[in-house]
1. For region 69-77, take each phi angle, set θ = phi - 60°, evaluate the Karplus expression 6.51 cos²θ - 1.76 cosθ + 1.60, and give the result in whole Hz per residue in order, putting x for glycine and proline.
2. Under the Karplus relation 6.51 cos²θ - 1.76 cosθ + 1.60, θ = phi - 60°, what is the ordered set of whole-Hz ³J(HN,Hα) values for region 91-98, x standing for Gly and Pro?
3. If the chain between ALA44 and LEU113 were fully stretched, how many nm would it gain, using 0.36 nm times the residue separation less the Cα-Cα distance?
4. Pull out a ≥ b ≥ c, the square roots of the eigenvalues of the alpha-carbon gyration tensor of region 40-132, then state rounded if a/c is under 1.5, prolate if not and a/b is larger than b/c, and oblate in the remaining case.
5. May I ask you to sort TYR56, TYR107 by Cβ crowding, counting other Cβ atoms within 10 Å and putting the fewest first?
6. Take MET55, MET77 and order them by how many other Cβ atoms sit within 10 Å, fewest up front.
7. Report ³J(HN,Hα) in whole Hz for each residue of region 29-37, in order, from the Karplus equation J = 6.51 cos²θ - 1.76 cosθ + 1.60 where θ = phi - 60°; Gly and Pro get x.
Amino acid sequence: MTRRKSPEPRSTQTLLPLLLILAWLALVGWGVAAGRLPWPTLLAALLLNLVTFLMYWLDKNAAQRGRWRTRESTLHMLSLSGGWPGAWCAQQRLRHKTRKPSFRTGYWFTVILHFVLLASWVFSLSIQARLLKP
């Protein structure tokens, strides 16, 4: 039996996503601590990431069994909604959705867009609060 070679070392594939996850956690945590995001956001983020991981697992299972698959647009919406860390973890742990370039591009687009939307929400609330103070 021959082993497949990974196209690039694992360390280069994991460093940037791990740094982004830490930045995301810091942004969400700071937003909650500063009162710019409601505290249930933390619970919602945790649940969303667990659901996203589960959806990737179900899709991988369906692929292996030749069954109906989860739409890629559904996986991307979960990522865009904040489940992208769970999606990344599932991709790495399950080795699922890691080879198709169009899916990978779409995934990273959802990560960037999520960051932009989250940061603009957190920081625009801060700016609005300052502008509205008498």
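1. My calculation for region 69-77 gives 9, 6, 5, 4, 4, 5, 5, 5, 5 Hz in order.
2. 4, 6, 6, 8, 6, 10, 6, 10
3. 23.0 nm
4. Prolate shape, in that a/c is at least 1.5 and a/b is the bigger ratio.
5. Ordered from fewest to most neighbouring Cβ atoms within 10 Å, TYR56, TYR107 come out as TYR107, TYR56.
6. MET77, MET55
7. x, 5, x, 5, 4, 7, x, 8, 10
Read-outs: derived from the displayed coordinates by stated rules, not from any lab. Predicted, not measured: the structure shown is a model, and the values here were computed from it. Please note: Cβ atoms are built from the backbone with ideal geometry, for glycine as well, and neighbour counts cover all protein chains shown.
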